[in-house]
Every structure is written in structure tokens, then in C-alpha cells.
Amino acid sequence: MRLFVGIIFFFCCFTINAQVDSLRLVCQPQQVSLVNQQDLLWMYRQRDTLRHHGAATNLQVVLNGNQLIYTDSTSLRYLASLQSTYPALDSIYSTVLQAETKYFAMQKDSLLAKVSALRWSMRYLQAVRNLQRQQQLNRSGRSQVLLSFHNFNLAADVGLYARRRYLRRSPRYERMGQMAKDLGIYWGGDFVGFPDPGHIQRFKNSAALVAKYPVLAFEFEKYRDHYEAVYRKNALRVDKVLDTEALLIALNRLKAGKVCACQQAILPNANQPAVDAARVEVNTTQNRVFIKPYQGNGYYYSLGRWAYVTKN
């Protein structure tokens, strides 16, 4: 009987200890037999740094030694943020998010009508915001995020006025926020840790946006280090990092199982492709990928797939 109980106890402990960490992924070397063009672009993003811009439109991709493929117009959407330090994301993803921005515009019109019916004066101060401005706000402490719904034209700042005077703080914002929520809009006054009563947005958080539009993960991914740092810094204040945690989990769900260039770099040899352009070249027979960023040397990496880290 004791032996039986001991076996159960050991099995339960092993099961608990074998749980995966939904917040951490590692590039696990393994044989990869199939790679698509999107995998190639993601591997380039993984190994290129954000210090180099300007040549993404000339990225060359080669699969198993076949004919050289230059990125087409569809693929350039994924590489847009490599072309410029501050890409216009609202324009780049205007087609992808067309239905959402149109519906959000209707919601804003409805909210304005409801507020105006109270004989209150309300204006939309800012909807679209470029990345440069967003990061300036983040550095100054006026925004907690590096990538905002404003950058996708899915948020707006609201100003309420009394006798033509802007009300920076007023109980009216809470009333306006409730009307917004009644219309299915998410109100910034509900934000934990950094409430913003003059803000409205189409989605609850970035995790919800990425879950519905996985293509946008390509833009959020480059800020992963920032999100992970924020999460670690506020690990004891779980309520403050719920949205950050949700975003990391959402990004990992999309990334897990995808092809990656593992960290064990294979030094270039005499057969290294002699190219000046940014390039990604895959050889699934040898299970390796050659990646050369816009600036700097190219290197070989063993192929693998992203896998969850097992909790201790």
C-alpha cells in the first residue's frame, strides 16, 4: 500500500514539474523538412537587429538551392518595420484592419452622439499616432507602451469641455466611459496601474488584437525584450502586468512549433554565399539556414522549432 501511494506521489510530482512555462520559449534544434516563405522572413527578423534599416525591400530568400526569390508585395508587409525606424503601421495594415477601423469609426460616432445628447461638448483629440510620437511618450512616462492601438488607428483620445475649457479631470469622464462600454468600446479609465479616462480603444488589450490578427504579431515581436522586462520588474504586482502576461502568452502560442534559427551558430566556411544584400538561404537536407543581415557578416544556424521551456 505504501509503495502504491509512493508511486502516485512520484507521478503527481513529475506531472506538476513537467508543466510548461507559457511565458518562455527556446529554439530547440531538430530536423525540419518543410519551410515556407513566412518562416524565412521570421528567421530574418529573429537574427537581424533593429539597428539596421533600409534594405528590407531587397531581402533575398532561397529555399533548398532553388531559384532566388525576392520578397513579393505581400511579404513586404511583414518586413515593413525593417524598412524604417518608425513605419506607418496604420497604413501598412490598413487592408488587414479595414473592417475593424471602419467599425471603430462607427462606434466613435455613436459615442459622440450619446455624449452630445447630454449637451456636453466632446472632441476626439487624437486617433492615429505615429511610432516616433508613441516612443517619445513612453520615454517621457506619459505612456506605458511602446506599441499602441493608436498606431493601428484603433484608439482615440477624448476631450470633454465646459464653456470651451478643456476638462483635464472631471466625473464626466466616468459617465462617458460607461457610455463607451455600453457601445462595446474599451475605456482607458479601467486600466490597472495607469488609468487613462480620456482614452478609448477597439480591443481589450494587445493580446486580443494579436489573437484575432496573427499577422500583427510580427510588429509586437520586436518589442518582446521590453515586454519581458516589464513583466519581470512587476512580477510581484500581478494585477499590473496581466495584459503584458496575456500578450506574451498570445505571442508564444503563435510562435510555438514554428521554424527558428537556433542559437548554436555554425561558423561560416569557404562555401559561404558571396552576397552583399540581406539574404536568407535554407537547406533542409543539411538542416541549416544561412542568414546575412543588411549590415554585417552572414552566419549559418542549425534549424529547429520554438518549444516551450519546461518548468522546474
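Just so it is clear, none of the values below were taken in a lab; they were calculated from the coordinates. On a predicted model such as this, the values are computed, not experimentally measured, just so you know. Heads up, the Cβs are rebuilt from the backbone with ideal geometry, glycines too, and the neighbour counts pull from every protein chain shown.
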- Fewest-first sequence of 157, 39 by Cβ atoms within 10 Å of each Cβ: 157, 39
- Note on the structure: For the range 98-211 the mean separation of alpha carbon contacts under 8 Å (6+ apart) over residue count, i.e. relative contact order in percent, is 24 percent
- Where a Cα-Cα gap under 17 Å defines reach, which aspartates and glutamates qualify for residue 240, not counting those fewer than 8 residues away within the same chain? 190, 196, 228
- Note on the structure: In the structure shown, of 114/255; 233/255; 204/233; 258/311; 222/311; 255/311, the pairs separated by more than 30 angstrom at the C-alpha atoms are 114/255
- Message: Placing one identical point scatterer on every Cα of the range 98-211 and ignoring solvent, what is log10 I(q)/I(0) from the Debye formula at q = 0.14 Å⁻¹?
- Response: -0.56
- Message: Less than 10 Å Cβ to Cβ from residue 152, Lys/Arg counted +1 and Asp/Glu -1: what total charge do the surrounding residues give?
- Response: -1
